[in-house]
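Asks: For reference, the structure I am asking about is given below.
The values are calculated or read from the model by the stated rules, or taken from the named source; none is laboratory data. Just so it is clear, the structure is predicted and the values come from calculations on it, not from any experiment. When we count neighbours, we look across all protein chains shown, and the Cβ atoms used for this are built from the backbone with ideal geometry, even at glycine. Note: areas computed on protein heavy atoms with side chains; ligands, DNA, RNA excluded. Shrake-Rupley method; radii C 1.70, N 1.55, O 1.52, S 1.80 Å.
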Amino acid sequence: MSSPSAARFTLDPAFGIGTVHPRLYGSFVEHLGRCVYSGLYEPGHPDADEAGLREDVLALVRELGVTTVRYPGGNFVSGYRWEDSVGPVERRPRRLEPAWRSTETNEFGLAEFMGFCAKADIEPMMAVNLGTRGVEDAGRLLDYANHPGGTELSDLRAAHGNKEPFGIRMWCLGNEVDGPWQIGHKSAEEYGRVARETANLMKMIDPGLELVVAGSSSFAMPTFGTWESTVLTECYDKVDHVSLHAYYEMKGERPDRDSFLASAVEMERYIEAAVATCDHVGATLKSQKKMMISFDEWNVWHSEPEPPPASGPEDDWPQAPRLLENNYTLTDAVLVGSLMIALLRHADRVTSASLAQLVNVIAPIMTQPGGPSWRQTTFFPFAQASKYGRGRVLRVEVDSPTHTTGRFGEIDLLHATAVHDEQAGTITVFAVNRSLTRELPLEVDLRGLGAVRVVEHLLLTGDDPDARNTLTDPERVTPRTADASAVTGDVLTCTLPPLSWNVVRLAIDSANVPATAQS
């Protein structure tokens, strides 16, 4: 008998949203804090390879399932001099780095980043400086990076030891240019024109590039919507993606955990509003192009007290200081899973995304200089989504018990999606129970799928919402297999514990599956 307190939805392969693009499982590496130095790169570490890359970190990056990495920023890119980062390391200049008030040694540069991507089997996503630089510099960087040879800059790359071109296909046209904090901040009109001219030059050099234009740096920006409209009116036909950025924090003197766990409500509204703006501009221009979304910065980010003032002039511009090293909780991990669900639920338009960042800085992977590396709580939902969330996202319309939050009003306790991998003959249900106290029964109608069985139910939950993984206790929060799901007839029943991230993997008897509609 159906439970009156259960959440419900129906899965039917005839009703899909879109195919998941592999780039949805991207991340972000910026020259900020210890993301690069003593994160990815630490010559002299016991696990460092011949290039100075930490093999223990590389192994975790592969386990995480990252497909792309956006580089080198972030705020850093708005003052970036790419020439400083190439050629013999001993000749590279040390520079003041104003965005994060640090000293940049340039020991890790473009070639080192490309070497990391090759070893981790990751697609690079490069950003150009449209803060202190502009059109000509972007063209020069593209020539150096991608041209096969026979020009001054492509031959210089070969002379630096990289005869083969890097072949970077996806490029970001600046970063958060709408933000007054950004070096080289511009108005929408100013940025729209420079983005158009930069895109025009880059596609003259290589028509096959995919370009990302900077959208609003958050949903809360007062210029959101008008910024996108103005910028896209200038360059709609020249670019392929609009970037969105969002970070979520539990705010207030008395933290509102219920509202925090519902943050994906805001993420979905943000995506849908950006898509509506893109489509409005496309319709106004009578364009047949459908603009895609690159959600190339997203994560949980809890503000922390600023470090104490420098003790002397030598510390005023430190090298790789500890910045933004959030130690994530079980609650944070469940929210990250919910944010992954939000991205998957919009896979028809969100075709690229970057969890910010990859190592140490608001990151799923942490390291100790000279010591071990470990997985933060947020590592697990991302890794499981990347591993099992490949295929076609099915339409999920939930009927769920609700509760009231201070920030978003009445919201569903269940947040869910499902991905159908026809080739593998599987459907994976991703589900979050947003309640802190209430167990949530789930009933999924599987009619039309034929014979289905549960392969496994993976679960991340616990009694302490503030439980964390640390250097001294690196496995306090880990996923486990649950005996909490079963298929009876054509109904999947599950039990979702309070404050939980759930991955329910189903195998389908392909002989009984009806033909699916194309999304």
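Asks: Taking 0.36 nm per residue of separation and subtracting the Cα-Cα distance, what length does fully extending LEU285 through ARG81 add? Each step should come with its number before you reach the end.
Replies: Numbers: separation 204, 0.36 × 204 = 73.44 nm, distance 3.58 nm.
Roughly 69.9 nm would be gained on extension.
Asks: Excluding same-chain pairs closer than 8 in sequence, count the lysine pairs in segment 203-329 whose Cα atoms lie under 19 Å apart.
Replies: On the way: LYS203/LYS238; LYS203/LYS289; LYS203/LYS290; LYS238/LYS286; LYS238/LYS289; LYS238/LYS290.
Value for segment 203-329: 6.
Asks: A further question follows. Sum up the charges of everything whose Cβ sits under 12 Å from the Cβ of ASN326, counting Lys and Arg as +1 and Asp and Glu as -1, but leave ASN326 out. Mind dumping the intermediate values first?
Replies: On the way: positive: ARG322, ARG468; negative: GLU249, GLU304, GLU325, ASP332.
Taking every Cβ under 12 Å from that of ASN326, the sum is -2.
Asks: Of the peptides 10-18, 348-356, how do they stack up when ordered by the mean number of other Cβ atoms within 10 Å, highest first? Write out the running numbers ahead of the final one.
Replies: Details: 10-18: 17.7, 348-356: 25.0.
Most protected by this proxy first, the peptides run 348-356, 10-18.
Asks: Select from segment 234-296 those GluC sites (Glu not before Pro) which occupy a DSSP coil region and have at most 11 other Cβ atoms within 10 Å, ordered by residue number. Don't skip to the end; give the middle numbers.
Replies: On the way: sites: GLU234, GLU249, GLU253, GLU266, GLU268, GLU272; in loops: GLU249, GLU253.
For GluC sites (Glu not before Pro) across segment 234-296 that sit outside H, G, I, E and B with at most 11 neighbouring Cβ atoms in 10 Å, the list reads GLU253.
Asks: Still on this structure, please answer the following. Summing +1 for each Lys or Arg and -1 for each Asp or Glu, what net charge is found among the other residues whose Cβ lies under 10 Å from the Cβ of SER5? All intermediate terms of the calculation are to be shown ahead of the outcome.
Replies: Details: positive: ARG438; negative: GLU439.
That sum, taken over residues with Cβ under 10 Å, equals 0.
Asks: Please compute the net charge surrounding GLY74, taking Lys and Arg as +1 and Asp and Glu as -1 over other residues with Cβ under 9 Å from its Cβ. List each step's numbers first, then the result.
Replies: Working: positive: ARG70; negative: GLU30, GLU176, GLU297.
That sum, taken over residues with Cβ under 9 Å, equals -2.
Asks: Hey, another quick one. Using a 1.4 Å probe on the protein heavy atoms, what percent of the accessible area of the chain belongs to carbon and sulfur?
Replies: Details: 10300 of 20540 Å².
It is 50 percent, rounded to a whole number.
Asks: Continuing with the same structure: I'd like to compare 281-292, 25-36: which one has the highest average count of other Cβ atoms within 10 Å, and what's the full order after that? Numbers along the way, then the final one.
Replies: Working: 281-292: 13.5, 25-36: 26.9.
Top to bottom by mean Cβ count within 10 Å: 25-36, 281-292.
Asks: Would you please report the Å³ per residue occupied by the convex hull of the alpha carbon atoms in the chain? Intermediate results must be reported in sequence, preceding the final value.
Replies: Details: hull volume 82.4 nm³, N = 519.
In the chain, the Cα hull volume divided by residue count equals 159 Å³.
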